[in-house]
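Worksheet: the structure to be examined is printed underneath.
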Amino acid sequence: MHTTLIALTLLCLSTVTLAEEIGSVSTKFKWMGPNDKIVIEVFQDEEIPGVVCYLSRAKTGGVSGAIGVAEDTSDASIECTQIGPIDLPDAVRSGKGDGDEVFKKRTSLVFKSLQVVRFYDAPRNALVYLSYSDRVIEGSPKSSVSAVAIQPWTNTGAQPQGKTGQ
């Protein structure tokens, strides 16, 4: 029994997240351990490479946050945008992929997670991303939504603006 509990804990702690942290701001000072924060992360939709999503979420600090046992609040916001050409897979275009999970992050030791799911709005040719928090027993109605209107994409070969020749 003890070995099973250790294995389950390690499995939960080793969850791979395909998000890159962009930055964070402190929201509450903690005397011991890191402060509570709002973290901004970015991830790409693996099935639709032309879309990137920015997610802001609460991250609990303190001693429990530092050792990974704190439960983060369900507060999160999402914004997705088109960054390249979009070629919809047949499963997405047909609606069979509606509600597919495109991102998941553990927000407590075992029972709570933040998820992002995707839907396709065919009449408006848009992808809709919904972020929400769930828990094994009871989820949260807090959610955020972002829509990406699919536009034609042309590569003009333009170079990014910045300092040149110095």
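Using the Cβ of Glu101 as centre and a radius below 13 Å, the other residues enclosed give a net charge of -3, where K and R count +1 and D and E count -1. Of the residues Ser144, Ser133, the one with the fewest other Cβ atoms within 10 Å heads the list, and the complete ranking is Ser144, Ser133. The phi torsions of region 141-155, fed into the Karplus equation with coefficients 6.51, -1.76 and 1.60 and a -60° offset, translate into couplings of x, 5, 8, 9, 10, 9, 10, 10, 6, 6, 10, x, 10, 10, 9 Hz, rounded to whole numbers, with Gly and Pro shown as x. The ranking of Thr154, Thr27 by Cβ neighbour count inside 10 Å, starting from the fewest, reads Thr154, Thr27.
A cut-off of 5 Å between modelled amide H atoms, ignoring neighbours fewer than 5 places along the same chain, links Gly97 with Val92. Between the amide H of Asp36 and those of Thr27, Lys28, Lys30, Gly61, Gly62, distances stay under 5 Å, these residues lying 5 or more places away or on another chain, with hydrogens modeled in the peptide plane. Taking amide H as placed 1.01 Å from N in the peptide plane, the amide H of Gly50 sits under 5 Å from that of Asp87, each at least 5 places away or on another chain.
Ranked for footprinting exposure by Cβ neighbours inside 10 Å, fewest first, Leu18, Leu127 give Leu18, Leu127.
Values in this text are rule-based calculations from the coordinates and carry no lab data. Since the structure is predicted, the reported quantities are computational estimates derived from the model, not experimental observations. Positions of Cβ are backbone-derived with ideal geometry, glycine not excepted, and every protein chain shown enters the neighbour counts.
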